[in-house]
Structures are given as structure tokens and as C-alpha cells.
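What follows is one structure encoded as C-alpha cells, with my remarks underneath.
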Amino acid sequence: MFEGDVLNPLSIAKESALLAGEFLSSDIQFNRKVCKEFAHDVKIAADIQSEKIILDHLMEKSNFSILSEEKGMIERGIKDYFWIVDPVDGSLNYTRQIPFYCVSIGLWHGEKPVLGVVYDFNRAELFSGIADNGAWLNEERIHVSATNTKQNAVLFTGFPKQTDFSSQGISDFVGCIQSYRKVRLLGSAALSIAYVASGRGDAYYERDIMFWDIAGGIPLVLAAGGKVQIEKTSKANCLNIHITNGRI
């Protein structure tokens, strides 16, 4: 993989997420200040400040390149391994005090996920995992669910800002999800995927989702025994993704 123990980069990612979470839990009034508004999303002060905290720690402790939501690609000494950072996944939830948001950090080797951390600082739940090796919630081992039919499964999904909201687009989307028992939209892709890894849900499906929204969660699912299907799209940094517990 790379020189050194994979547990060391995992520790670095966890430390970075904890530092960001501590900041995001303080001075909340300032952090929720909206800097930019889009049709289906917002950019807040916390996105920028949290990212700086994470990037500073990652660059101090490692020499991997970094892809972040705000800064784009930062090439460093090691280019084939790179961190992917989403400093606040669920920004709009954060501004409205809807308690589904998190910090997400992944380490990838090219197109292969290596490890991931998703930190729900609102609940003090730190999800972490090394792909094909093991996943944990805080210090407890987690696994995907044993649900084996869509009729009994809970699906997490969402509508990212790149969503095709035309009548046909929505109709096609409904056709993909209607066979599941229940559908949940949390407003945070990373947290949704972490919930699949921990067995709280059984599948996750989303189209045109940004890479950094899911890069920290995908290694968790693989580490917890799930399966991931990824399809590239024509939109920059966007993917179609279908995640399951491997049984449905």
C-alpha cells in the first residue's frame, strides 16, 4: 500500500475530524453565517474555517496530496495517495439546526478507497474504517445489516444541487427507489453512508453527488462488509453511486 502502518493515517484523519468538530461545535452563530446561496445549497463560514483546520493538520502530519471541497486539488509530495475532505457535509442542516451534519475525510489511492472517517460531532459519533479491514463507531466494531430483501430494506438517498428536477428526471429517480420498504433523506450523504456501514440502514443511492460528499463514507461501507457501485458522470467531480449491505 504505502510505507508505514495504515493505522497511522487513520489516526491522522480521526484527529483532523475531531479538531474540526470541536471548532464547529463552538461559536455556532458565526459559523452558520451564509457566505453564498445557490438554488439548492448554501456556502457558510464554517465550510471555510473547518476546512482550514483539517488541511493544516493533514499537511502537518502527512505528505499526501489533498482534494478538498473549497481548495480543489492540492498536490504534495505523494501524489498517488490523496485525502478527500468535506469540512461540513450537510451545511444547510447545520445552518438550520437540523441535527444531521458531519465532517468527512477519506484517503484514496487513485480510484481505490483506502480509509475513511465520518464524524457526527453533534452526537459525538466517530465512524472510522479501513477498506476490507474493519470499521468502528467510536471504539466499537460495526457491520452492515443482515437485511436480504428490498421489501424489508431502508434506503438512504438525497437530492444534490446537480439533481435533474425535471418531471422525467424525478420519475426516473422514483423508479429506482420505489421498491424499498422505507426511504430516508437526511441531507448529509456522508452520514447516510455511515449509517449503512453501521447497519442503521441497508442501502444508499444517489445521482450526481459530489465526490467529496461520499469519499469518506465509501471506505466505511467496504470495511463493514458492504458493496459499492460507482458510475462516473459527465459533470465534474460528480458520481452516481449505489451502496448496499451486499445482501439486497
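Figures for the structure shown
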| quantity | calculated |
| --- | --- |
| Complete set of residues in the range 64-77 that are over 12 Å from Leu107 (Cα atoms) and out of contact with any Pro (no Cβ under 8 Å at 6 or more places or on another chain) | Lys71, Gly72, Met73, Ile74, Glu75, Arg76, Gly77 |
| Which numbered condition Val228 fails, given (1) within 14 Å of the chain's Cα centre (by Cα); (2) of a type in the set (A, V, I, L, M, F, W, C); (3) part of a helix (DSSP H, G or I); (4) surrounded by fewer than 23 Cβ atoms within 10 Å (Cβ to Cβ) | (3) |
| Ala203 vs. criteria touching a Phe, Trp or Tyr at 6+ places or on another chain (Cβ under 9 Å) and among the aliphatic types (A, V, I, L, M) | yes |
| Given (1) open to solvent by 90 Å² or more (accessible area, probe 1.4 Å); (2) modelled with pLDDT of 95 or more; (3) small (Gly, Ala, Ser), index of the condition Ala20 fails | (1) |
| Asp164 being surrounded by fewer than 18 Cβ atoms within 10 Å (Cβ to Cβ) and not hydrophobic (A, V, I, L, M, F, W, C) | yes |
| Set Ala203, Ala190, Ala197, Ala223: member being crowded, with 24+ Cβ neighbours inside 10 Å, within 29 Å of Asp47 (Cα to Cα) and in contact with a Lys or Arg (Cβ under 9 Å, 6 or more places away or on another chain) | Ala203 |
| Which listed residue, of Thr149, Thr233, is open to solvent by 30 Å² or more (accessible area, probe 1.4 Å) and free of Cβ contacts under 8 Å to residues at least 60 places away in the same chain | Thr233 |
| Single condition Arg141 does not satisfy, out of (1) surrounded by 14 or more Cβ atoms within 10 Å (Cβ to Cβ); (2) farther than 19 Å from Ile230 by Cβ; (3) of a type outside the set (Ser, Thr, Tyr); (4) modelled with pLDDT of 95 or more | (1) |
| Any chance Thr157 is touching a helix residue (DSSP H, G or I) at 6+ places or on another chain (Cβ under 7 Å) and among the β-branched types (Val, Ile, Thr) | yes |
| Residues located in the range 152-161, provided they are closer than 16 Å to Gly201 by Cα and open to solvent by less than 20 Å² (accessible area, probe 1.4 Å) | Ala153, Leu155, Phe156, Thr157, Gly158 |
| Qualifying position, being outside any loop (DSSP other than H, G, I, E, B), touching a residue at least 40 places away in the same chain (Cβ under 8 Å) and touching an Asp or Glu at 6+ places or on another chain (Cβ under 8 Å), among Leu115, Leu155 | Leu155 |
| Search result, residues across the range 147-192 that are among the charged types (D, E, K, R) and either modelled with pLDDT of 85 or more or more than 21 Å from Trp212 (Cα to Cα) (or both) | Lys150, Asp172, Arg181, Lys182, Arg184 |
| Test: Ile218 is among the β-branched types (Val, Ile, Thr) and surrounded by fewer than 24 Cβ atoms within 10 Å (Cβ to Cβ) | no |
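The values are calculated or read from the model by the stated rules, or taken from the named source; none is laboratory data. None of the values given here were measured: they were computed from a predicted structure. Every residue, glycine as well, gets a Cβ built from its backbone with ideal geometry; the counts of neighbours run over all protein chains shown. To get the accessible areas, we keep the full protein, side chains included, count just its heavy atoms, and leave off ligands, DNA and RNA. Shrake-Rupley method; radii C 1.70, N 1.55, O 1.52, S 1.80 Å.
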